[in-house]
Each structure stands twice: as structure tokens, then as C-alpha cells.
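Accompanying notes for the structure given below.
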Amino acid sequence: MGLCSPASAAAGTVYIGDVGTVSAARADCGPGSLPETGLQGDVPAEDRNSGRSTQGYRCNLTRLGGFQDKGAGIVSASYDHCSYTGTLFPGSVLNEPQGVQVLDVSDPNNPVLSTTLREPAMLGGTWETLKVNTERKLLAATAVPLVFGAGYFSVYDISDCAHPRLLNTRAGTDLTTPLPFLTHEGGFSPDGNTYWASGIGPGVLSAIDISDPTNPHVIWNSLQGLSEHGFGISPDGNTMYLSVTSGINILDISAIQRRDPYPVVPQYGTYLWQDGQFNQHSVPVTYGGKPFIFSPDEAGSGGVKVFDVSNPADAKLVNRIKLEINIPANINANLRSSGGGGVFSYDSHYCSADRPADPTALACSWFSSGIRVFDVRDPANIREIAYYNPPAQKNRALELTNSPHALSSFLGVPFLEFAPIARAIADGKIDPAVALGPRAGNIIGDLSSDWCSSPPAFHGNQVWATCSDNGFMALQLDNNVYRAPANQHTVVGS
């Protein structure tokens, strides 16, 4: 897809003013599929109302087994033969058992609960902070009760992945010894010696030294923006792609990676756009040795942006990954079906590549559209190869007390699509006769689709995924669309 070079809005700031109008090519669904009945990524109003959406939709990706229980928080993680289910407060302290669930997935057809983690960070709600570092075999998270958190952080040895061992028994875990940081999102540097916490308001970014995980301590705090979200970090640990409200800041964090006594963090550049809001995180990869990032937006139908970041001071947008339901020409269909689905409409959230160098596939979680898998061997020519949109858990909100979708289902209006809606109104492209369809009056959510928001993980030809209402699922990719490369290694970016 050819894109115009963005114009610079100010020194060090690049503004990308166009809106993507092309969707990724559809997957060719093979035998055993139960394909979508409408636009790519859509759960049509008729399917929601008739109950068809409770069967789900699948294409070249089938469910082997799962563990639903009370649903799953916003971000979960996996390592080796285990998966760790994120928590959402207050369900994290009301459910039984309490805390982060450790699932043994030795048999993907029958995942079983091994144990639960009940430290303050786990009970406080892990939001978008529950992450794994494979280099050092560590699991960590911060406490985020509702959107914002502070102070509590726990790190575990997961050498025996089914039985994590708490490493920091004092600072960050003991209620009397919190650490000085704010948090909404978090993740590791690639070498596992630093855990980064970012807060969306105010936008404080913190570096927590965990080179000795029994004694975590904050070594740097900085206000990098009014609001910050997730991030990705280059393999050498020197560059951070920090998500901001509608864009990314690219930072030189090498001084912290080196542990300079008085670290300075210069900014390479800021890239802002109107096509999508609340940029979520970035997945650093390389093609032919040249660095790229995949960067999804969690609102505004922005999809996943693909940047060439070989020169971080002059990054180039080379592609966008959108579904048909995300393109401006289909805004009326988007509104018609999403009423009653919740505050999110159809938006990407977290993605994972199947290897850091020359990735062959990208798996993304998508609100209401499920797990989407793309062929990304050529970053300029990306197509979808598989999807699994799990069965809607319609009208089960009271049972799913660990699900952010269920918790927020008191409101069914997709107000986080405000930007594309406003743009369509200004352009005269809203047709009330279409947009105000049979679900226009659904101001209360009915869980007629699921929210998938956690980073999927590649395990050979399986994709392990966790969605809000359905919980953990082990999914099988058809061999005719994907063959796991010998050096497969899931890359999330943080």
C-alpha cells in the first residue's frame, strides 16, 4: 500500500493526517470453518439479536480447549506450557479462588488450574501490566485497581512455570513498603533487568531495576507526556517506542540500559495521527536486518500501523492493517452492529509476531472481532490468513466478574468511536437509515460479542489467546495456512 510521506508539524513532531481506507485481504477459509456472515471483523446486528453470535466465527483456526471460569482481565501472559490470567479489580478479590490464575496447558485440550497468585499486585488488578520475560524466566505485574495504580509490584521466578515463586517479599509486595511509581501499563526490557511502568494520567514513566529481583527499586521517573500507554523496546534495550494518546514518542533509553548514574533520555521524534486513538503498544521486529514496528490503536478504527524505524528521527509509515469493519466506507455498518457491545466498537489492542527477525505471522487481539492472524512476510503486502471470534457469552455479565467487558456492560454505547463518527458526520457520510439499525436503542450491553484484548502467543501451530468473557483458549492453526518456523519465538515488545 502506497502512502504519502507525512508533513512535519513542528520540530521533532511528525503529523500523519490521512486516514486508511483499505482493509487487509480476507482469509480464504478452508474446511471446518464457520465464517463471518458479514463484513470482515463484523458481528452483524442480526447475528447478535438472533443468537447466531453465540456460536462464534472461525476461519482456519479452531479451539482445542480452554479455561473460562470468571473470565479474564485485560492482559494475560504465557510462558512454556503455562498461561497466566490477568485480574480485574474488584473481581480479583471477590472471586474464589482470588488472584492471578496459573494454568497448566501441558494438554491444550484440557488446561487445568495449577495455583493462584495473591500478592497485592495480583489482587489489585493487573490491567495491562502482567508480562513475562523469557530471557530470565520472570513474571511480573503492578497493581492497577481501576485504570490507575501506584506502588505495588511483584516479580516471580517461573522456571517451574506452573508454580511461580515470589522473589520480592518486601519492597513492592509488602503493603507497608510500596515503590514510588504510577502505573497503568508495564513491561520488561528484553534482557529482563528493567521493568518499566507507565501511567496514563499524569504520564509518568518509571524504570524499576530488577537486576536483583529480590530487591526491586525505582531508578528513574520522568513525565514524558500528558498521557502514556504501552510501549515496545528494541532488542538491544536502547530504544523505546512509547505510546501516547494518538501516536508514539521514540525515546533513547540507552543511558538507563547502561545504568548511567544520572541518566538522560533524549527524544528522537514524535509521530502523531488522526487515524486511531489511544495507541496501545509496539512490537519491534526486523526485516532483512532493518528495524520495523507494528503499532495497534485501541480506539477510533485505526487498526495496526507498520513503521520502518531504521531512522527513528525519520520513521516511515509503510502500511496499515485494518479489517473491513474499520474502514471509513463502512462506518454505518460499524455503528449499526456495535450498539450494545460496550464502549469499544471494533478495534485492535495487542499484537504478537511469531519471531523477531523476518516474522512470518502477526496475531492480534481485536475488540469484538476476536483473534486475527495475518501473513506479514512482506510488510508492504499483508493479508489475513485466519481468525477465531469466540462464542458470545450473551447476558452472562453477572457470572463473569473478572471480565472487563462484563464489568463495563452497564454501558452499551460505543463512545470510543467518537473520532471516526465525528469525521463521518463532518463529511456527510453518516446515513441514519443504516447506522440507526435494530440495536440503536441498546444503551445497556448484552455481551453479544466478546472483547479480545490480550496478546496472543504462538506455540508451534497453536495460538494461545485470552479473551474477556471466554477466558483462556488454546487454538489450532490449519497447516495449509501456517507452518511454524524453526526459530519461532513470540515477540510482544515489552
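The values are calculated or read from the model by the stated rules, or taken from the named source; none is laboratory data. Because the structure is predicted, anything quoted here is derived from the model rather than measured. Cβ: placed from backbone, ideal geometry, glycine included. Neighbour counts: every protein chain shown.
For the range 296-365, list the strands (runs of 3 or more DSSP E) that sit wholly inside it and hold at least 3 residues that are under 21 Å from D450 (Cβ atoms) and not polar (S, T, N, Q); which are they?
348-353
So if I check each of Y241, Y268, Y262, which one is surrounded by fewer than 23 Cβ atoms within 10 Å (Cβ to Cβ), among the aromatic types (F, W, Y) and under 22 Å from P379 (Cβ atoms)?
Y268
What strands (runs of 3 or more DSSP E) lie completely within the range 56-111 and have 1 or more residues being out of contact with any Leu (no Cβ under 7 Å at 6 or more places or on another chain)?
Of the strands (runs of 3 or more DSSP E) lying wholly inside the range 56-111, those with at least 1 residues that are out of contact with any Leu (no Cβ under 7 Å at 6 or more places or on another chain) span 57-59, 61-67, 77-79, 100-104.
Restricting attention to the range 421-439, does a residue exist that is hydrophobic (A, V, I, L, M, F, W, C) and either closer than 20 Å to A27 by Cβ or in contact with a Gly (Cβ under 7 Å, 6 or more places away or on another chain) (or both)?
no
Within the range 36-47, is there a residue that is over 24 Å from A386 (Cβ atoms) and in contact (Cβ under 8 Å) with a residue 60 or more places away in the chain?
Scanning the range 36-47, I find at least one residue that is over 24 Å from A386 (Cβ atoms) and in contact (Cβ under 8 Å) with a residue 60 or more places away in the chain, so the answer is yes.
Please indicate, with yes or no, whether at least one residue in the range 68-91 is at pLDDT 95 or above, farther than 15 Å from V463 by Cα, surrounded by fewer than 24 Cβ atoms within 10 Å (Cβ to Cβ) and of a type in the set (D, E, K, R).
Scanning the range 68-91, I find at least one residue that is at pLDDT 95 or above, farther than 15 Å from V463 by Cα, surrounded by fewer than 24 Cβ atoms within 10 Å (Cβ to Cβ) and of a type in the set (D, E, K, R), so the answer is yes.
Given the residues G302, G341, G370, which is the only one that is in contact with a Gly (Cβ under 6 Å, 6 or more places away or on another chain) and crowded, with 24+ Cβ neighbours inside 10 Å?
Of G302, G341, G370, the one residue that is in contact with a Gly (Cβ under 6 Å, 6 or more places away or on another chain) and crowded, with 24+ Cβ neighbours inside 10 Å is G302.
Scan the range 274-291 residue by residue and report those that are buried (at least 24 other Cβ atoms within 10 Å of the Cβ) and hydrophobic (A, V, I, L, M, F, W, C).
Matches in the range 274-291: V283, V285.
Just to check your reading of the model, which residue among A474, A465, A486, A457 is without any contact (Cβ under 8 Å) to a residue 24 or more places away in the chain, among the hydrophobic types (A, V, I, L, M, F, W, C) and either surrounded by fewer than 15 Cβ atoms within 10 Å (Cβ to Cβ) or out of contact with any helix residue (DSSP H, G or I) (no Cβ under 8 Å at 6 or more places or on another chain) (or both)?
Result of the check over A474, A465, A486, A457: A486.
Identify all residues within the range 198-220 that are modelled with pLDDT under 95 and either on the phi > 0 side of the Ramachandran plot or surrounded by fewer than 17 Cβ atoms within 10 Å (Cβ to Cβ) (or both); write none if there are none.
Within the range 198-220, G201, P202 qualify.
Go through (1) in contact (Cβ under 8 Å) with a residue 60 or more places away in the chain; (2) of a type in the set (D, E); (3) touching a Phe, Trp or Tyr at 6+ places or on another chain (Cβ under 9 Å) one by one and return the number of the condition D378 breaks.
(1)
Which of (1) within 20 Å of A299 (Cβ to Cβ); (2) at pLDDT 95 or above is the odd one out, the single condition S345 does not satisfy?
All conditions pass for S345, except number (2).
If you go through the range 199-239 one residue at a time, how many are in contact (Cβ under 8 Å) with a residue 40 or more places away in the chain, farther than 18 Å from L179 by Cβ, within 20 Å of the chain's Cα centre (by Cα) and assigned to a loop (DSSP other than H, G, I, E, B)?
The total comes to 4.
Checking D107 against (1) more than 18 Å from the chain's Cα centre (by Cα); (2) surrounded by 19 or more Cβ atoms within 10 Å (Cβ to Cβ); (3) modelled with pLDDT of 95 or more, which single condition isn't satisfied?
In the conditions (1) more than 18 Å from the chain's Cα centre (by Cα); (2) surrounded by 19 or more Cβ atoms within 10 Å (Cβ to Cβ); (3) modelled with pLDDT of 95 or more, D107 misses (2) alone.
Considering only residues that are free of Cβ contacts under 8 Å to residues at least 60 places away in the same chain, assigned to a loop (DSSP other than H, G, I, E, B) and surrounded by fewer than 24 Cβ atoms within 10 Å (Cβ to Cβ), which ones fall in the range 137-167?
Scanning the range 137-167 gives K137, P145, V147, G151, S159, D160, L167.
Check the range 421-432 and report whether any residue there is more than 25 Å from L475 (Cβ to Cβ), under 23 Å from the mean Cα position of the chain (by Cα) and not β-branched (V, I, T).
no
Scan the range 333-375 for residues that are among the hydrophobic types (A, V, I, L, M, F, W, C), touching a Phe, Trp or Tyr at 6+ places or on another chain (Cβ under 8 Å) and within 21 Å of L61 (Cβ to Cβ) and jot them down.
Hits for the range 333-375 are C351, A353, A361, L362, A363, C364, W366, F367, I371, V373.
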